[in-house]
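The values are calculated or read from the model by the stated rules, or taken from the named source; none is laboratory data. Model, not experiment: these values are computed from the prediction. Positions of Cβ are backbone-derived with ideal geometry, glycine not excepted, and every protein chain shown enters the neighbour counts.
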Amino acid sequence: MQYRELGRTGILVSELCLGTMTFGQQNTEAEGHAQLDLALEHGVNFIDTAELYSIPPRAETYGATETIVGSWLKARGSRDKIVLASKVVGRSSSPWFRPDGEEARLTPRQIRYALENSLRRLGTDYLDLYQLHWPDRKIGLFGEGGTTFTTVSDADEVPLEETLGVLGDLVAEGKIRHVGLSNETAWGVAKSLACAREGAPRVASIQNAYNLINRTFEIGLAEMALREKVSLLAYSPLAQGYLTGKYLNGARPAGARTTLFNRGQRYEKPGVDVAVEAYLNLAKAEGIDPVQFALAFVTSRPFVTSNIIGATSVEQLMTALTSVKVQITPELEEKINAIHQVHSNPAP
């Protein structure tokens, strides 16, 4: 396991980060603890969660993942061994995030409310990284609307200056150490960095989707990440499992996430299957496990600081953890890019 600096913070995080969104719905508390133990044994020191989790979001399981991570921290006494990250939801009309069904917004009052509850569930008095799960402003999210942006509506946006201002206060109070973004655009990163020059905390990271069938981060954001040292924490490196090939031709294996929850629309777009088949064929020809192939590609990118892996079994997790042994050689990268040239970003 290699370790890389998180932004400009001086904190070194493992090149693989354990994502936990299955804890509390697809995984029991005991199963979540087993995954956390295994990850720690293999050198993972970076754990990512969110107030939203578990996935899919439901009132009944809101906060369940943080509670399970918190019970593991208490049982193992491992708080000082990990870099702990969580997230506050962006604008949302789901009524269970805030008291009395209030619309969730990134206001100072709501951020303080969310953080205090996350800290309580996690059983800690600080977070190493606190991320805005998605922006307050209205933009295409989670693959909706592709990459087209045609209108700006800022009449009721909570200004980033206001949001980052309260995060700065929370840093000063010692409740969070650093600030990150998620599901953000190049404009959002640039605006956040501009706010930092006016006294707001400097964003350390951005957590966006990045995988073989969605390399849109490379268009603008990768340069931002490298030049400004804003770390990409890449989520969905297996494209929600679609890069394993298990959903090809409409297959729905028992127990798989899309089978259970029907939430794979981001990766069910025209051109996805043919692109996935091309990458699977390349992995087979190279003698590489397709899961490790897809994960190793993401981990190898120079603008990726940590690759967020997730699993529903320790067997799956072991496969993901040992992907660090797979090398993406220049020759293999050339073959990957040849496929990408023909099948470019079918699932943005």
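Side notes on the structure shown:
- In summary, helices (runs of 4 or more DSSP H) completely within region 270-339 and bearing 1 or more residues that are closer than 19 Å to HIS42 by Cα and out of contact with any Asp or Glu (no Cβ under 7 Å at 6 or more places or on another chain) occur at 290-300, 314-321.
Residues are listed down the side, and each one gets a yes or a no for (1) at pLDDT below 95; (2) out of contact with any Ser or Thr (no Cβ under 6 Å at 6 or more places or on another chain); (3) among the hydroxyl-bearing types (Ser, Thr, Tyr):
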| position | (1), (2), (3) |
| --- | --- |
| THR20 | no, no, yes |
| TRP72 | no, yes, no |
| ALA75 | no, yes, no |
| THR107 | no, yes, yes |
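- Residue in region 326-345 that is surrounded by 19 or more Cβ atoms within 10 Å (Cβ to Cβ) and out of contact with any helix residue (DSSP H, G or I) (no Cβ under 7 Å at 6 or more places or on another chain) present: no
Yes or no, residue by residue, for (1) within 19 Å of ARG105 (Cα to Cα); (2) at pLDDT 95 or above; (3) part of a loop (DSSP other than H, G, I, E, B):
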site	(1), (2), (3)
GLY143	no, no, yes
THR147	no, no, yes
VAL152	yes, no, yes
ALA155	yes, no, yes
GLY165	yes, yes, no
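- Each residue in region 224-269 was checked for being in contact (Cβ under 8 Å) with a residue 60 or more places away in the chain, in a helix (DSSP H, G or I) and over 19 Å from LEU295 (Cα atoms), and 5 of them qualify.
- Screening the candidates LEU160, LEU170, LEU115, LEU164 for the property of being under 22 Å from MET21 (Cβ atoms) and in contact (Cβ under 8 Å) with a residue 12 or more places away in the chain yields one hit, LEU115.
- Hits in region 103-125 - residues which are in contact with a helix residue (DSSP H, G or I) (Cβ under 8 Å, 6 or more places away or on another chain), part of a loop (DSSP other than H, G, I, E, B) and more than 10 Å from VAL88 (Cβ to Cβ): THR107, GLY123, THR124, ASP125
- Residue within region 263-275 that is aromatic (Phe, Trp, Tyr) and at pLDDT 95 or above present: no
- For GLU60, the stated conditions do not hold, so it cannot be described as buried (at least 24 other Cβ atoms within 10 Å of the Cβ), free of Cβ contacts under 8 Å to residues at least 60 places away in the same chain and of a type in the set (Asp, Glu).
- Filter result for GLY77 (within 19 Å of the chain's Cα centre (by Cα) and not acidic (Asp, Glu)): no
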